[in-house]
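Novice: Quick one: this structure, given as structure tokens, is what I'll be asking you about.
Derivation of every value follows stated rules applied to the coordinates shown; laboratory data play no part. In this text the structure is predicted, and so the values were computed from the model without any measurement. Neighbour counts are summed over all protein chains in view; Cβ atoms, including those assigned to glycine, are modelled from backbone coordinates with ideal geometry.
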Amino acid sequence: MKRIYLKGEDHPFYGKKHNSESKQKMREAKKDYIPWNKGKNMCEETKEKLRISLKNIMNKPEIKNKISGKNNHGYGKKHTEDHIEKIRQARLHQKFPFKNSKPERFIQSVLSVNGIGYRTHEPILGQPDIFIEPNICVFVDGCYWHCCEKHGKGIYTERIIRDEKVNNKLKDQGYKVIRIWEHEINSDIMGCLNKIRGTNL
């Protein structure tokens, strides 16, 4: 059966507002809500389909007109320097991704077995996947998402530029940066371990 979405004055709730009791009930209901895809991992093909689908939706004229130019709620506004700095600091302490990827967990387990202490997703520039005191930043780059020369498809080439900028800025701040490809972990885990050890631990 085709769903009918009512908008504007046609919607039965148009012009009405929820009272505080109704809002509280909705908050309580959300607490027990479990998304259908919680704990499930999407394959790369599905992720790519979602990305293309979202891009197509955002390019629709009726959507694009709502979020561009004078229709955008931020049109003509500028953040102050203090506000920009607050946003920058807040983003540094955001923990994303929330779960370690499989390659990350693999290299972490090898470090633990070899008695090398580390922290994950350190709240500094780029949020290194692994941080080893005093100043070693290890990034585990997925071949697909970071455009590996062997296995990447070149879709996210802007990430190559972004990764290079992060590398340079961290080095300027006195950090040592190591980037390990996903395929390196899968094929030569001991080589990855030696690469980390070679940074004067």
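Novice: Nothing charged except the Cβ atoms of Lys and Arg (+1) and of Asp and Glu (-1): what's the magnitude of the dipole of the chain about its Cα centre? Round to the nearest 20 debye.
Specialist: Details: 41 positive and 25 negative charges, 215 e Å.
So the magnitude is around 1040 debye.
Novice: Shape call for region 132-201 from the C-alpha gyration tensor, a ≥ b ≥ c root eigenvalues: rounded (a/c under 1.5), prolate (a/b greater than b/c) or oblate? All intermediate terms of the calculation are to be shown ahead of the outcome.
Specialist: Numbers: a/c = 3.47, a/b = 1.22, b/c = 2.85.
Oblate.
Novice: Taking the Cβ of each residue in Trp145, Trp181, Trp36 as the centre, tally the other Cβ atoms inside 10 Å and list the residues starting with the fewest. Write down the numbers at each step before the final one.
Specialist: Values: Trp145 15, Trp181 21, Trp36 5.
Starting with the residue having the fewest Cβ neighbours, the order is Trp36, Trp145, Trp181.
Novice: With springs only between Cα atoms under 10 Å apart, run a GNM on the chain and tell me which of Leu170, Leu50, Leu125 wobbles the most.
Specialist: Between Leu170, Leu50, Leu125, it is Leu50 that shows the largest mean-square fluctuation.
Novice: Computed FRET efficiency, Cβ-Cβ of Lys77 and Arg105, R0 45 Å: what is it to the nearest 0.05?
Specialist: Numbers: r = 42 Å, r/R0 = 0.94.
Calculated transfer efficiency: 0.60.
Novice: Next question, about the same structure. In a Gaussian network model over the chain where Cα atoms closer than 10 Å are linked, find which of Lys38, Lys77, Lys169 has the largest mean-square fluctuation.
Specialist: Lys38
Novice: Choose one of Ile161, Asn56, Phe139: the residue whose Cα lies farthest towards the positive end of the charge dipole of the chain (beta-carbon charges +1 Lys, Arg; -1 Asp, Glu; about the Cα centre).
Specialist: Asn56
Novice: While we're looking at this one, here's another question. Would you list which aspartates and glutamates come within 13 Å of Lys99, measuring only between C-alpha atoms, while excluding same-chain residues fewer than 8 positions from it?
Specialist: Straight-line reach from Lys99, under 13 Å: Asp129.
Novice: Here is a follow-up. Which lysines does Lys195 reach when only Cα atoms under 22 Å apart count, and residues fewer than 8 places away in its own chain are ignored?
Specialist: Straight-distance partners of Lys195: Lys102, Lys150, Lys165, Lys169, Lys171, Lys176.
Novice: For the chain, with a Gaussian network of springs between Cα atoms less than 10 Å apart, report the residue from Tyr75, Tyr33, Tyr144 with the top mean-square fluctuation.
Specialist: For the chain, modelled as a Gaussian network with Cα springs under 10 Å, the answer is Tyr33.
Novice: Separation of region 162-189 and region 19-77 by C-alpha centroid, Å?
Specialist: If we compute the Cα centre of each part, the gap is 32 Å.
Novice: Also, I was wondering about something else. 222 nm [θ] for the chain, helices only, -39500 (n - 2.57) per DSSP H run of 4+, per residue, to 500? Kindly include the intermediate steps, with their values, before the conclusion.
Specialist: Details: 8 runs with 88 residues, N = 201.
For the chain, the value works out to -13500 deg cm²/dmol.
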